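Trainee: One structure is given below, represented as structure tokens, and several questions about it will come after.
The values are calculated or read from the model by the stated rules, or taken from the named source; none is laboratory data. Because the structure is a prediction, the values reported are computed rather than measured. Note that each Cβ is placed from the backbone with ideal geometry, even for glycine, and that neighbours are counted across all protein chains shown.
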Amino acid sequence: MIYSWIPALMSTIVVSLLSFTGVFMLSLKAASLRKLLTYLICFAVGALLGNVFFHLIPEIFEHTHGDLTNAWLCILSFLAFFVIDQLLHVHQKTDTPIESYGYLSLYTDAVHNFTDGILIGAAWMVSPEMGFATTLAIVLHEIPQEISDFAVLIKAGFSRNNALLFNFIAACSAILGTVLTLLMGHHIRPLSTCILPVAAGGFIYLAAASLLPEVLRESTKKNLLLFLPVILAGIALMYIFTIYGGHTHTH
């Protein structure tokens, strides 16, 4: 198992560094970025929903063989994020420019990345082929996901530099997941089946309850027909990466 450490950690570090894919937006002027942000939020809605329904939920039911306990975990996670959102609204200071959904995005992304770290560590423990295939599949999912996450943080009120920093910190939870998996071996792998529905519920809440209202606030008769194709593009991209990205489940 000692030979799994180096490739597993290198794989997870690469996945974590993908959080900087939003850096290309740093060169945009403020006015251009504001125009682009709503479309990126639409894309984020699609990418989040696509990630949940094409990636996380099939993963959950494959590992648990349709155990409805995980459906309850997903629902309870959705409600938990609703409560967290309400608490953030209640305690949010009037002079604080950060919207609560920015923090929710960081929470859900950290949970999801932690699970990815577990999957990467477990895959490299099985074989190099399994490790590489799993890493590649996660990389393909993470690229559009991280661009979306960065856009959500900017829209929520984070500065560009802080958005990059906090997005990277959330991404580093994958390293923690990999290290714990390599230390604890197969004993930690059942934990991923509990974390996945928690991430799924959080992503559904973030997309449906937090981001879609932002899109509706910007909707007009002129841009309504533009927003829907962008949402569908986010969904379609996640579907394509799930079907053709060689996503490999570790048992």
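Trainee: For the condition at pLDDT 85 or above and within 21 Å of Ile154 (Cα to Cα), what is the one hit in Ser77, Ser11, Ser105, Ser32?
Mentor: After applying the criteria, what remains is Ser105.
Trainee: Sticking with this one: Confirm whether His89 is without any contact (Cβ under 8 Å) to a residue 40 or more places away in the chain and in contact with a Ser or Thr (Cβ under 9 Å, 6 or more places away or on another chain).
Mentor: Here the answer is yes, as His89 does meet what is asked.
Trainee: May I pose another question? From the list Ala236, Ala208, which residue is farther than 24 Å from Thr21 by Cβ and at pLDDT 90 or above?
Mentor: Ala208
Trainee: Just to check your reading of the model, which residue among Leu40, Leu48, Leu18 is in contact with an Asp or Glu (Cβ under 9 Å, 6 or more places away or on another chain), at pLDDT 80 or above and within 24 Å of Ile240 (Cα to Cα)?
Mentor: When all the criteria are applied, what remains is Leu18.
Trainee: For the structure I just gave you, tell me whether His63 is within 26 Å of Thr193 (Cβ to Cβ), surrounded by 14 or more Cβ atoms within 10 Å (Cβ to Cβ) and more than 18 Å from the chain's Cα centre (by Cα).
Mentor: yes
Trainee: Still on this structure: Can you tell me which of Ile175, Ile147 is modelled with pLDDT under 90, part of a helix (DSSP H, G or I) and farther than 26 Å from Leu79 by Cβ?
Mentor: Ile147
Trainee: If Ile57 passes every condition in (1) under 18 Å from the mean Cα position of the chain (by Cα); (2) closer than 21 Å to Glu214 by Cβ but one, which one does it miss?
Mentor: Every listed condition holds for Ile57 apart from (2).
Trainee: For the list (1) of a type outside the set (Val, Ile, Thr); (2) surrounded by fewer than 19 Cβ atoms within 10 Å (Cβ to Cβ); (3) under 19 Å from the mean Cα position of the chain (by Cα), I need the number of the one condition that Glu99 fails.
Mentor: So the condition that Glu99 fails would be (2).
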